[in-house]
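Novice: My questions will all concern the structure given below.
The values are calculated or read from the model by the stated rules, or taken from the named source; none is laboratory data. Not measured: the values here are computed from a predicted model. Virtual Cβ from ideal backbone geometry, glycine too; neighbours counted across all protein chains shown.
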Amino acid sequence: MKIYDVKEVYRADEKRYDGMEYRRCGRSGVLLSAVALGLWHNFGGYDVYDNARDIVRRAFDLGVTYFDLANNYGPPFGSAEETFGRILHQDFSPYRDELFIATKAGYTMQPGPYGRGGSRKYLLASLDASLKRMGIEYVDLFYHHCMDPETPLEESMGALAQAVHSGKALYVGLSNYSPEQAEKAVKLLDSMGVHCLIEQSRYNMTVRDPERGLLPVLREKGVGFAAFSPLAQGILTGKYNRGIPQDSRVHGKSIYLTEEKLSGVIEQARRLEELAGEAGISLTELALRWALRDSAVTTLIVGARTPEQLEENVRAVQAGGLEPALLDRIDDILA
Ligand SMILES: NC(=O)c1ccc[n+]([C@@H]2O[C@H](COP(=O)([O-])OP(=O)(O)OC[C@H]3O[C@@H](n4cnc5c(N)ncnc54)[C@H](OP(=O)(O)O)[C@@H]3O)[C@@H](O)[C@H]2O)c1
């Protein structure tokens, strides 16, 4: 008789939907978990598979339904989708209909003229390749990862609409679009009979740009908003406030978060941590509850190196909004 490792038989927590808030995504039928898991870091081909698997399982057990991928997440490119596909196959076959799986194409994926941008040629081939890597028949959401000024917007939006009409994506979204670009793209999609579900951009206490144009446009058009890097890649957990820990993105020599970038915001992070302490909560909690304070924000896409980090981030938002007086003091620090 084969003795199975307990990890081989995954049964999701029966209470998984009890502690999570689900927010309506713009004017649509879709509810998304207020905290989503992003697989940009820690799920690539060089990362530890069992750890990646533990994080995804813990996420689902905590009520996370939205999993955010892209064709080029890894490294190497494509490997986060392969990791996720392996986890799906091993653990989540009974749960596919409970998962909201997103992927994207836009940034460089492969060499040559069809490996980046916004052409129909690249976007649709990339979607097919993503489905293959994950071993699934459709994604719930397919994003154009970044606007391509050299491709007519009609062509990029036509490719997204085609993804929906072919049944390979249930919904489509935009990422890193300016308010003006987003408005045009949403109109174009409407004219093709497809509602844009969501826009995804960086939003956290150190980057407030979406407040200045994007969020009002999305609200008016009935489009949801996914905030990525809500912890500013870890800075807003306070982990760098007393130096650079060994187990951190900066210590790992990330090209996306460097000591130089850190130095520009660390003073603010220290003051915010002090304020959080006065309010009796952690900086992580302050940052995530702050980012969810506007109902135009549908979900926060957090990253996690460990299941424990993910758990802390999910628990952080359970207390809901922040007091107006606390919000004012945050504004003073960020001014
Ligand atoms: N559309 C786009 O262009 C775009 C761009 C970027 C990201 N995204 C999406 O957004 C997702 C999240 O981005 P992100 O990883 O920058 O998000 P983030 O949540 O701001 O940062 C996550 C990182 O912070 C640290 N961290 C998280 N929780 C922690 C905790 N409780 N205690 C201590 N450290 C903690 C971990 O890094 P260390 O432990 O390694 O320090 C973790 O990997 C991505 O996976 C991706 O899906 C999209």
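Novice: Hey, which of the strands (runs of 3 or more DSSP E) in the range 1-110, taking only ones fully inside, have at least 3 residues that are within 13 Å of the ligand (Cβ to nearest atom) and buried (at least 19 other Cβ atoms within 10 Å of the Cβ)?
Specialist: Values: elements: 22-24, 31-33, 35-38, 66-68, 100-105.
Passing ranges, in order: 35-38, 66-68, 100-105.
Novice: Now for a different question. Within the range 293-307, track down each residue that is in a loop (DSSP other than H, G, I, E, B) and more than 6 Å from the ligand (Cβ to nearest atom).
Specialist: Initial filter on the range 293-307 (in a loop (DSSP other than H, G, I, E, B)): 293-298, 303-306.
Those that are in a loop (DSSP other than H, G, I, E, B) and more than 6 Å from the ligand (Cβ to nearest atom): R293, D294, S295, A296, V297, T298, T306.
Novice: Pairs, please: C-beta under 7 Å, at least 6 apart or cross-chain, first residue outside any loop (DSSP other than H, G, I, E, B) and among the hydroxyl-bearing types (S, T, Y) and in the range 227-250, second more than 6 Å from the ligand (Cβ to nearest atom) and modelled with pLDDT of 95 or more?
Specialist: Going by the 7 Å Cβ cut-off, the qualifying pairs are T237/L283.
Novice: So the check is Cβ under 7 Å with 6+ separation or different chains; which pairs have a first residue in the range 30-44 that's over 10 Å from V314 (Cβ atoms) and a second one that's of a type in the set (S, T, Y) and surrounded by fewer than 20 Cβ atoms within 10 Å (Cβ to Cβ)?
Specialist: Pairs found: L31/Y22; L32/Y22; G44/S79.
Novice: Taking the range 271-290 as the search range and keeping residues that are of a type in the set (G, A, S) and surrounded by fewer than 20 Cβ atoms within 10 Å (Cβ to Cβ), which one is farthest from Q309 (Cα to Cα)?
Specialist: Taking the range 271-290 and keeping what is of a type in the set (G, A, S), we get 276-277, 279-280, 282, 287.
With the extra rule that they be surrounded by fewer than 20 Cβ atoms within 10 Å (Cβ to Cβ), the set shrinks to 277, 279-280, 282.
Numbers: G277: 19, A279: 21, G280: 19, S282: 13 Å.
If we take residues in the range 271-290 being of a type in the set (G, A, S) and surrounded by fewer than 20 Cβ atoms within 10 Å (Cβ to Cβ), then A279 is farthest from Q309 (Cα to Cα).
Novice: Taking the range 8-23 on its own, how many of its residues are in contact with a Gly (Cβ under 8 Å, 6 or more places away or on another chain) and over 18 Å from L288 (Cα atoms)?
Specialist: Of the residues in that region, 3 qualify.
Novice: While we're on this one: For residues in the range 196-217 being closer than 13 Å to T299 by Cβ and touching a strand residue (DSSP E or B) at 6+ places or on another chain (Cβ under 6 Å), which is nearest to the ligand (Cβ to nearest atom)? Lay out the reasoning, then the answer.
Specialist: Initial filter on the range 196-217 (closer than 13 Å to T299 by Cβ): 197-201, 203.
If we keep only those that are touching a strand residue (DSSP E or B) at 6+ places or on another chain (Cβ under 6 Å) as well, we get 197-200, 203.
Numbers: L197: 14, I198: 11, E199: 10, Q200: 5, Y203: 10 Å.
Only one residue fits best here, namely Q200.
Novice: Hey, among L174, L189, which residue is in contact with a His (Cβ under 9 Å, 6 or more places away or on another chain), at negative phi and near the ligand (Cβ under 10 Å from one of its atoms)? Full working, then the answer.
Specialist: Details: L189 fails: near the ligand (Cβ under 10 Å from one of its atoms).
Result of the check over L174, L189: L174.
Novice: Using beta carbons and a limit of 7 Å, which pairs, at least six apart or on different chains, have the first residue in the range 191-203 and more than 16 Å from V217 (Cβ to Cβ) and the second one in a strand (DSSP E or B) and within 16 Å of the ligand (Cβ to nearest atom)?
Specialist: Pairs that qualify, where the first residue is more than 16 Å from V217 (Cβ to Cβ) and the partner is in a strand (DSSP E or B) and within 16 Å of the ligand (Cβ to nearest atom), are V194/V172; R202/F228.
Novice: Please go through the range 115-131 and pick out each residue that is among the hydroxyl-bearing types (S, T, Y) and within 15 Å of E154 (Cβ to Cβ).
Specialist: Of the range 115-131, the ones among the hydroxyl-bearing types (S, T, Y) are 119, 122, 126, 130.
Within the range 115-131, S119 is the sole residue that qualifies.
Per-residue answers, yes or no, for (1) in a loop (DSSP other than H, G, I, E, B); (2) within 23 Å of R53 (Cα to Cα); (3) within 19 Å of the chain's Cα centre (by Cα); (4) modelled with pLDDT of 95 or more:
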{"residue": "R289", "(1), (2), (3), (4)": "no, no, yes, yes"}
{"residue": "E311", "(1), (2), (3), (4)": "no, yes, yes, yes"}
{"residue": "L326", "(1), (2), (3), (4)": "no, no, no, yes"}
{"residue": "D332", "(1), (2), (3), (4)": "no, no, no, yes"}
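Novice: Still on this structure: Examine the range 86-96 for a residue that is in contact (Cβ under 8 Å) with a residue 60 or more places away in the chain and under 18 Å from the mean Cα position of the chain (by Cα), and state whether such a residue exists.
Specialist: no
Novice: Please determine whether any residue of the range 115-131 is away from the ligand (no atom under 14 Å from the Cβ), among the charged types (D, E, K, R), within 18 Å of L188 (Cβ to Cβ) and touching a Lys or Arg at 6+ places or on another chain (Cβ under 6 Å).
Specialist: no
Novice: For the range 279-287, state whether one or more residues are more than 21 Å from I55 (Cα to Cα), assigned to a helix (DSSP H, G or I) and away from the ligand (no atom under 12 Å from the Cβ).
Specialist: Among the residues of the range 279-287, at least one is more than 21 Å from I55 (Cα to Cα), assigned to a helix (DSSP H, G or I) and away from the ligand (no atom under 12 Å from the Cβ), which makes the answer yes.
Novice: Condition (residue is in contact (Cβ under 8 Å) with a residue 60 or more places away in the chain, closer than 23 Å to F142 by Cβ and of a type in the set (V, I, T)) applied to the range 61-82: is it met by at least one residue?
Specialist: Yes, that holds for at least one residue.
Yes/no per residue for (1) over 24 Å from W290 (Cα atoms); (2) in contact with a helix residue (DSSP H, G or I) (Cβ under 6 Å, 6 or more places away or on another chain); (3) at pLDDT below 95:
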{"site": "Q181", "(1), (2), (3)": "yes, no, no"}
{"site": "A185", "(1), (2), (3)": "yes, yes, no"}
{"site": "S191", "(1), (2), (3)": "yes, no, no"}
{"site": "H195", "(1), (2), (3)": "yes, no, no"}
{"site": "E199", "(1), (2), (3)": "no, yes, no"}
{"site": "T237", "(1), (2), (3)": "no, yes, no"}
{"site": "R242", "(1), (2), (3)": "no, no, no"}
{"site": "G252", "(1), (2), (3)": "yes, no, yes"}
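Novice: Determine whether Q318 is more than 24 Å from D209 (Cβ to Cβ) and assigned to a helix (DSSP H, G or I).
Specialist: Details: more than 24 Å from D209 (Cβ to Cβ): yes; assigned to a helix (DSSP H, G or I): yes.
Here the answer is yes, as Q318 does meet what is asked.
Novice: For residues in the range 240-270 being among the aliphatic types (A, V, I, L, M) and surrounded by 11 or more Cβ atoms within 10 Å (Cβ to Cβ), which is farthest from the ligand (Cβ to nearest atom)?
Specialist: I266
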